[in-house]
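Visitor: The structure under discussion is supplied below as structure tokens; questions concerning it will follow.
None of the figures in this text is laboratory data; all of them are computed from the coordinates on show. What you see is a predicted model; the values in this text were computed from it and never measured. Cβ coordinates were reconstructed from backbone atoms using ideal geometry, including for glycine residues, and neighbour counts include every protein chain displayed.
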Amino acid sequence: MGVMTEPHTRAPQPAERLIAGRGTPDAEWQAWGGLASLPPVTVAELVPAYRRAVIIAPHPDDEVLACGGLLQQLHAQGTQTILVAATNGTSSHPGSAHLTPSDLARLRPQESAAALQTLGLAPQVLRARLIDGQVRASMEHLHTLLIQLLRPGDVVFVTWRQDGHPDHEACGLAASLAARACRATLIEMPVWSWHWAAPGDRRVPWHRACRLDLSAEELQRKQQAIQCFQTQLNDDPSTGQQAILPPHVLARLLHPYEIYFT
Ligand SMILES: [Zn+2]
């Protein structure tokens with residue numbers, strides 16, 4: 001099917017976008033200053049009045065990590081917002097006796113709901129229930145769901161097609177094809193890119209990047225919302241696996257602005 005065929009691209013190979021080790025320290029991003037000087041954009045420019053916003057989260061936490069500030073601003077301007085949860089995040093603790101896949105299937109959507117409530121939101125949520133880690137194999141299912149959901153003029157926010165995590169990339173690709181078919185606007189969000197990329201990295205589409213500034217209060221609420229993702233914030237004593245979202249990862253995602261590729 002067409003949905004499985006990746007369009008021609010000069011993008012780097014997945015091996016170059018590895019999410020391993022500690023990644024690029026936040027201090028390097030901060031010292032660079034390039035992010036803070038990207039062109040500013042307002043929420044009304046991203047999602048004009050009377051358009052719907054559709055947020056696609058590969059895992060329950062990406063909606064807050066990538067765009068917890070944007071969600072608050074959308075709510076404040078009265079934008080109808082729909083969250084598409086691609087997976088329930090059941091593969092975050094392989095082999096764990098502490099958090100089994102069925103625990104995670106129950107807990108992670110609850111964490112997402114609590115986080116959204118902390119942001120003052122209760123958006124409509126569509127759960128695609130794709131297998132965590134294998135979104136690429138179910139891209140047709142996600143594509144079909146999006147084709148049924150999207151209307152012309154909708155603004156779709158999704159993890160960047162080159163973000164590094166295979167599920168993030170598969171969601172980005174499925175959403176880009178569905179948005180094009182439905183004449184919706186596509187906006188991509190880097191999440192794991194801050195880990196493998198470096199300041200000024202030529203693999204990042206800086207020419208498409210813009211900066212949405214957050215107020216101190218919005219940033220604080222985003223930080224509080226992230227505290228709801230307890231399964232991701234703690235080490236797993238049963239396997240010795242470290243937290244998925246340790247402080248050095250969160251630091252890269254808690255700037256007083258969010259970056260969007262338009
Ligand atoms: Zn994710």
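Visitor: So what is log10(I(q)/I(0)) for region 118-262 at q = 0.09, 0.11, 0.19 1/Å, when the Debye sum runs over its Cα atoms only?
Guide: Each listed q maps to, in turn, -0.33, -0.50, -1.43.
Visitor: What's the exposure ranking of VAL156, VAL204, going from fewest to most Cβ atoms within 10 Å?
Guide: Values: VAL156 24, VAL204 21.
Taking fewest neighbouring Cβ atoms as first place, the list is VAL204, VAL156.
Visitor: Could you give the semi-axes, largest first, of the ellipsoid that matches the chain, computed as the square roots of 5 times the alpha carbon gyration tensor eigenvalues and rounded to whole Å?
Guide: 24, 22, 20
Visitor: So how far apart, in nm, are the two label points at GLN134 and ASN234 if each is 7 Å from Cα heading toward Cβ?
Guide: In this crude spin-label approximation the distance works out to 2.9 nm.
Visitor: Could you tell me the relative contact order of the chain? Use alpha-carbon pairs under 8 Å, at least six residues apart, and round to a whole percent.
Guide: 27
Visitor: Then there's this: Quick one: compute the contact order of region 87-139, relative version, from alpha carbon pairs under 8 angstrom and 6+ residues apart, as a percent.
Guide: Normalised by residue count, the contact order of region 87-139 is 48 percent.
Visitor: Where the centre of each part is set by its Cα atoms, how far does region 221-262 sit from region 129-181, in angstrom?
Guide: Computed from Cα coordinates, the inter-centre distance equals 23 Å.
Visitor: Something else now. Can you tell me the length gained on complete extension of the stretch TRP206 to ALA105, counting 0.36 nm per residue apart and subtracting the Cα distance?
Guide: In short, 32.8 nm is gained.
Visitor: Whose amide H sits under 5 Å from the amide H of ASP235, counting only residues 5 or more places off or on another chain, with H placed in the peptide plane?
Guide: For ASP235, the qualifying residues are ALA243.
Visitor: What is the order of TRP206, TRP29, TRP192, fewest Cβ neighbours within 10 Å to most?
Guide: TRP206, TRP29, TRP192
Visitor: Nearest 20 debye, what's the magnitude of the dipole of the chain about its Cα centre given +1 on Lys and Arg Cβ and -1 on Asp and Glu Cβ?
Guide: Charge dipole, the chain, about its Cα centre: 640 debye, nearest 20.
Visitor: Near GLN134, within a Cβ-to-Cβ distance under 14 Å, what is the net charge of the other residues, with Lys and Arg +1 and Asp and Glu -1?
Guide: -2
Visitor: Using helices alone, I'd like the mean residue ellipticity at 222 nm for the chain: each DSSP H run of four-plus residues gives -39500 (n - 2.57), total over residue count, nearest 500.
Guide: Value at 222 nm, helices only, nearest 500: -11000 deg cm²/dmol.
Visitor: Remind me, what semi-axes does region 18-111 give for its equivalent ellipsoid, largest first in whole Å, using sqrt of 5 times each Cα gyration tensor eigenvalue?
Guide: 29, 23, 9
Visitor: So what's the net charge close to GLY120: Lys and Arg +1, Asp and Glu -1, counting the other residues with Cβ under 15 Å from its Cβ? Please list the in-between numbers first.
Guide: Working: positive: ARG221, LYS222; negative: GLU63, GLU217, GLU218.
Net charge in that neighbourhood comes out at -1.
Visitor: Counting other beta carbons within 10 Å of each Cβ, put ILE147, ILE187 in order, fewest first. Could the numbers behind the result be given before it?
Guide: Details: ILE147 15, ILE187 23.
The order, fewest Cβ neighbours first, is ILE147, ILE187.
Visitor: Karplus couplings for region 238-246 from phi (6.51 cos²θ - 1.76 cosθ + 1.60, θ = phi - 60°), rounded to Hz, Gly and Pro as x?
Guide: Going residue by residue, I get 6, 10, x, 5, 6, 3, 5, 10, x Hz, with x marking Gly and Pro.
Visitor: Would you work out the Kirkwood radius for region 201-243? I mean one over the mean of 1/r across all pairs of different Cα atoms, in Å.
Guide: 13.7
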